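Notes to accompany the following structure.
The values are calculated or read from the model by the stated rules, or taken from the named source; none is laboratory data. As the structure is a computational prediction, the values presented were derived from the model and not from experiment. A quick note on method: Cβ atoms are made from the backbone with ideal geometry, for glycine too, and the neighbour counts reach across all protein chains shown. The area values use the complete protein model at the heavy-atom level, side chains included, leaving out ligands, DNA and RNA. Shrake-Rupley method; radii C 1.70, N 1.55, O 1.52, S 1.80 Å.
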Amino acid sequence: MPSFRLAAACFAGCLLASAALAHDHAPLRGRLVFADHEKPVVRILDLDSGEVTHSFDVPKANPGFAGVSGGRYVVVKTGDEAGTLRILDTGLIAESHGDHIDLDKATPKLLDFAAKGDRPAHVLSGHGQLALFFDGLRPWEGKSEPKAVLVAIGDLAKDKPTVTIWPSPAPQHGIAVPLGNRQWLMSIPNPAYAKGDDRSASSRPNGFEVLEQGKDWKRVALFDDAAKPDASCKLFHGSAEARGRHVFGCAEGEGGGLLILSKPGKGAGASWSGRKLGYPDERRVSALKSRDSGRHLVGNYGLKAPYDALLRIDPEVKALMIEDVLAVPGGQAACQFELGGNGSRLANLTPDGKLRIYEIAPAWKELAAFDAVPAFDCAYGAKTPTPSLAVIGGNAFVSDPTNGRIREYHLDTLKQGLDMPVGGMPANLAGSDAG
C-alpha cells in the first residue's frame, strides 16, 4: 500500500498541534488538513473555531497526503500527469518552553516549491530532513529517472530551498531514509526487475546501503547479501523508526522477517548493524507505524491483501510470539490504523465503519468501539468515497465523506469529541505532530 494512503498510505490524516501543559492561557488546538473526494481542493479546518478557514486549489480531487516531521508541513501528492509533489505550510508553529509547548498560527500557504518525477511514492522525514522518492517507470514501459529528492525541512521556509537529487541506479519501489549526520539509507533495486526481461519480477527492493551525503555519496554500510538474513530484506515494504532503531518489513518464509538496523555507540567509530526478528507465523507485514516515545511498533499482518491482522513489534525482544498478533474482527482488512501520541494505544478504522481503540501492552485489549462512519470499501483504488483516519496526540479524527463531516474521538477518555460539518465530501486527512 503506497505511503500516501497510510498514514497509509497512511496517512490519510490531519495536522494538529496541541499544548503539552496549559499555563497562563488556554492552549490552541491547531488545524486539520483535508481533501475532498469530488472537488480538486485542499481545505483547512480550524479546530478552535470549528470553521473551514482556508482553501487551496489542486489539479485533481482527493490528493494524497504525507505528514512531515515537526508538524508544520504536509506533502501533497497532486496526482497530476507530471507526478508533482507540493508542500503545504499549515502555519502551525510550535515553540517548546520545557514544561509546555506554545502554538502560534501563521497564515497557511501552498509553497512555490514543487518536485516532479515518474511515479512519486514513499515520503519519509526525520532528523531534520525530508525525502521524496520517485520510483520511475517500469523498465519495459520506457526510460525514466528514478530518484530521491532530498531537502532540509528547515529550508522549506526559504523562497528557494536547497535540493539534493540522489539518482537511483534503476527503477524500484524504493525508499530514502534520513539517518542523521548526513547519512541516508537507500534501497537497492531488484536486479531482475531493473533488467526488465521478466515482467513478473517484483519492483520491491531486497537490500539497502547506508550512504554519506556528499559529492561521491560514500558507502558506509551495506545490507544486500541474500545469503545473510541479517544483511538483506527480500521484497521489502514497510518501514518505521523507534528509539533509534529502524525497522523494515521483509518477506515471509525462510530468511524473512523484520530487519532491524541500529547503530550502537556514538562517535565516528560507531557502525550500523542489523539483525532479523522472525515473524510469529507464515505471514508478513506491509506497513509499519511507530511513535518516538513508544516501545512497540504496529504493522498490518497477512500473506496478501487484504491484510486481516495487526502485529505488535517490540524491536528489543529475541522472538515475536503468536500473542503479538491481533485478528481484525470479522476477518476484515486492517484498513487504516494509527498509534496514539505516546504509543500505548492504537486506533483502527475498519470497512464495517467502526473505529476500535486498543491497548497494545501488556496484551492486546479492545477498550472501545465507535460506529464512526457508514460501511465502506477500503481496497486500494476503490472508486467509492473512502473515509480517512488520523491520530494526533491523544485524539483520533475520522472523515465521513458520505455525510460531509469530520469526527473526533479521545483515546484517553474513550469518548467522542467534536462532530464537525464541513460540507462537500471530506476524504483524505493529513496526520502529523507539531512538537
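At-a-glance table
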{"item": "Selection count where residues are open to solvent by 60 Å² or more (accessible area, probe 1.4 Å) and outside any loop (DSSP other than H, G, I, E, B), scope the stretch 198-219", "result": "3"}
{"item": "Lone unmet requirement of (1) of a type in the set (Val, Ile, Thr); (2) closer than 24 Å to ARG31 by Cα; (3) part of a loop (DSSP other than H, G, I, E, B) for VAL391", "result": "(3)"}
{"item": "The lone exception for GLY393 - which of (1) among the small types (Gly, Ala, Ser); (2) buried (at least 22 other Cβ atoms within 10 Å of the Cβ); (3) at pLDDT below 95 it fails", "result": "(2)"}
{"item": "Index of the failed condition, PRO229 passing every other in (1) over 26 Å from ALA361 (Cβ atoms); (2) surrounded by 14 or more Cβ atoms within 10 Å (Cβ to Cβ); (3) modelled with pLDDT of 95 or more; (4) touching a strand residue (DSSP E or B) at 6+ places or on another chain (Cβ under 8 Å)", "result": "(3)"}
{"item": "Which listed residue, of SER125, SER96, SER144, is open to solvent by 20 Å² or more (accessible area, probe 1.4 Å), farther than 25 Å from LYS160 by Cβ and at pLDDT 95 or above", "result": "SER144"}
{"item": "Test: residue in the stretch 71-91 that is surrounded by fewer than 17 Cβ atoms within 10 Å (Cβ to Cβ), assigned to a strand (DSSP E or B) and either at pLDDT below 95 or within 21 Å of the chain's Cα centre (by Cα) (or both)", "result": "no"}
{"item": "Of the criteria (1) under 23 Å from the mean Cα position of the chain (by Cα); (2) open to solvent by 40 Å² or more (accessible area, probe 1.4 Å), which one LYS195 fails", "result": "(1)"}
{"item": "Residue match in the stretch 99-118 (condition: modelled with pLDDT of 95 or more, under 28 Å from LYS234 (Cα atoms) and either open to solvent by less than 40 Å² (accessible area, probe 1.4 Å) or of a type in the set (Lys, Arg) (or both))", "result": "yes"}
{"item": "Qualifying residues in the stretch 54-70 (those that are under 17 Å from ARG43 (Cβ atoms) and under 18 Å from the mean Cα position of the chain (by Cα)) - the one most open to solvent (accessible area, probe 1.4 Å)", "result": "ASN62"}
{"item": "Candidate set from the stretch 360-384 (those that are at pLDDT below 95 and not β-branched (Val, Ile, Thr)); member that is most open to solvent (accessible area, probe 1.4 Å)", "result": "LYS383"}
{"item": "Any chance VAL398 is open to solvent by less than 20 Å² (accessible area, probe 1.4 Å), part of a loop (DSSP other than H, G, I, E, B) and aliphatic (A, V, I, L, M)", "result": "no"}
{"item": "Members of the stretch 239-266 that are in contact with a Cys (Cβ under 9 Å, 6 or more places away or on another chain) and either under 15 Å from LEU185 (Cβ atoms) or at pLDDT 95 or above (or both)", "result": "PHE248, GLY249, CYS250, ALA251, GLY257, LEU258, LEU259"}
{"item": "Residues satisfying the stated conditions in the stretch 371-394, i.e. over 12 Å from LEU355 (Cβ atoms) and in contact with a strand residue (DSSP E or B) (Cβ under 8 Å, 6 or more places away or on another chain)", "result": "PRO374, CYS378, PRO385, THR386, ILE392, GLY393, GLY394"}
{"item": "Members of the stretch 14-66 found to be touching a His at 6+ places or on another chain (Cβ under 8 Å), modelled with pLDDT of 90 or more and farther than 22 Å from GLY417 by Cβ, listed by number", "result": "ALA61, ASN62"}
